[in-house]
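First the structure, in the form of structure tokens, and then the observations on it.
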Amino acid sequence: MGETAESPVTARKVAVWLLASLGMIVLLSILAVLLGTVIMQFFGSVERWRQWRVENYWILLAWRLGLYTVLIMLWLQLKTRLPKLALGPARNRLIRIEVMAVLLVLLLELSKAALQWTGAA
């Protein structure tokens, strides 16, 4: 009957997607190596870097909380610009994603706090 507006997945699209994914992997690998190099140059050893993180836990926590606050504010601004979703599956999915993001951040911060409080960091 009527044709859909979506185009089929072509070999070209798959190749572009794979190339972009490979590029991201290479870029993240380079960034990880550079970060490791900078840490070793600045701190001299991984153990000294870990000790610095333990000593500056509260400052780093305040920094992360500030970043989380900015991200939440930006998300809320972006969400107001999105088309309003009617009650239904699409809105439920968005709410689930938001709840999972909050739980992920909470889990990460609680695990860091537990390591800090037990001295295992």
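The values are calculated or read from the model by the stated rules, or taken from the named source; none is laboratory data. All values reported here derive from a predicted model rather than from experimental measurement. Because the Cβ atoms are built from the backbone with ideal geometry, glycine has one as well, and the counts that use them run over all protein chains shown. With ligands, DNA and RNA removed, areas are computed over all heavy atoms of the protein, side chains included. Shrake-Rupley method; radii C 1.70, N 1.55, O 1.52, S 1.80 Å.
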- If one builds a Gaussian network model of the chain from Cα atoms under 10 Å apart, the most fluctuating residue listed among Val46, Val16, Val70 is Val16
- Message: Just to be sure I understand the rule: take each whole DSSP H helix in the chain, project its Cα atoms onto its long axis, keep it if the span is 30 Å or more and its mean Kyte-Doolittle hydropathy is at least 0.5. Which ones pass?
- Response: 11-43, 57-81, 89-118
- Item | Virtual spin-label span in nm between Thr37 and Lys79, 7 Å along Cα→Cβ | 4.1 nm
- Task: Measure off 7 Å from each Cα along the Cα-to-Cβ vector at Gln51 and Ala15, then give the distance between these two points in nanometres to one decimal.
- Result: 5.5 nm
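Rounded to the nearest 500, what is the 222 nm mean residue ellipticity of the chain from helices alone, with -39500 (n - 2.57) per DSSP H run of 4+ residues and division by all residues?
On the way: 4 runs with 98 residues, N = 121.
About -28500 deg cm²/dmol.
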- Query: Hey, how much of the P(r) for the chain falls beyond 20 Å, as a percent of Cα pairs?
  - Reply: 71 percent
- Message: Considering only protein heavy atoms and a probe of 1.4 Å, how much of the accessible area of the chain is carbon and sulfur, as a whole percent?
- Response: 74 percent
